[in-house]
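I have placed the structure first, in the form of structure tokens, so that the comments after it can refer back to it.
The values are calculated or read from the model by the stated rules, or taken from the named source; none is laboratory data. Note that the coordinates shown come from a computational prediction; the quantities given were computed from them, not determined experimentally. In this analysis, Cβ positions are derived from the backbone assuming ideal geometry, glycine residues included, and neighbour counts consider all displayed protein chains.
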Amino acid sequence: MYTATNKGFSIITSFGCGRNCKYCISKLHPILSACISQEDNIDWDRLEKCISETKAPEVNLSGGGDPFFEWERHRNFYLRIYEVARHYKKNLAVHSRIIPSDVELLKLFSKFAITVEYYDRNALLHLKDNMPHLQGVEINVRVVQVVNEMMTREDCENYVKFLKIECGVPRVTFREMFGSEPAQANFARLRNIDLGDGVLFLPDGDYHDYYFLHDNTLYPCFFGRNEESRQAHCI
Ligand code: SF4
């Protein structure tokens, strides 16, 4: 898990997304909003220079959209970023809702944070079906739930129970929602529940050393240069 002292280097892929989450931080972003990355526009020399200079132990693919959206079309991108990361002795991590069926693709990643809603039964069953597939490639899986204003203690307990017992998921993160006061108040109520080993309540914040955007710009914070720019985009 990334912490304030162990930050990853994040590449914001902006490949698109088939969902419409109400808490989507990317939709509020002044550059990312409604933007789709074109792989041809990536300045690979600049990106490689940034990766060579970061102290982050990992390169993380994140969104701006879902990094595995239409993953079949982006194999060359994953392979190329893997080669660059490996050259600088960094692991590759990804944060997505989509579980690709391609084992060789999954093997490029050392960590996979999968967002699965507690309320989405189909997504939970899909994860359960795919866990043997993920365990087979020895990828380090963590499942993420963004805490909304309605989630209860019982919901958290049932979610963890299902993931650990039914799916064999070792790590679960309850993430504080960006910018929503009712959801943040609920997170504050829930965050001290002891749900056992491997379960973390993670406050909202920037957990990356730098953010490399689809237009080859680099930011120290997701929303720009500092915490003020982040707060300015709260809902
Ligand atoms: S899946 Fe991610 S990128 Fe897509 S709408 Fe939801 S939060 Fe936004």
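Say whether the condition of being in a helix (DSSP H, G or I) and modelled with pLDDT under 95 is met by at least one residue in segment 135-148.
yes
Among the listed residues Asn192, Asn216, Asn186, identify the single one that is closer than 25 Å to Glu117 by Cα and touching an Asp or Glu at 6+ places or on another chain (Cβ under 6 Å).
Going through Asn192, Asn216, Asn186 in turn, the sole match is Asn186.
Answer yes if at least one residue in segment 147-164 is within 27 Å of Phe9 (Cβ to Cβ) and surrounded by fewer than 18 Cβ atoms within 10 Å (Cβ to Cβ), and no otherwise.
No, there is no match, as no residue in segment 147-164 is within 27 Å of Phe9 (Cβ to Cβ) and surrounded by fewer than 18 Cβ atoms within 10 Å (Cβ to Cβ).
In segment 190-210, which residue that is under 23 Å from Ala93 (Cβ atoms) and exposed (fewer than 14 other Cβ atoms within 10 Å of the Cβ) is farthest from the chain's Cα centre (by Cα)?
Asp197
For Val103, are the conditions met, namely being loosely packed, with under 13 Cβ neighbours inside 10 Å, under 30 Å from Phe77 (Cα atoms) and modelled with pLDDT under 95?
It is true that Val103 is loosely packed, with under 13 Cβ neighbours inside 10 Å, under 30 Å from Phe77 (Cα atoms) and modelled with pLDDT under 95.
Restricting to segment 183-235, what's the tally of residues that are in contact (Cβ under 8 Å) with a residue 12 or more places away in the chain, part of a helix (DSSP H, G or I) and over 29 Å from Cys35 (Cα atoms)?
The number of residues fulfilling the criteria is 4.
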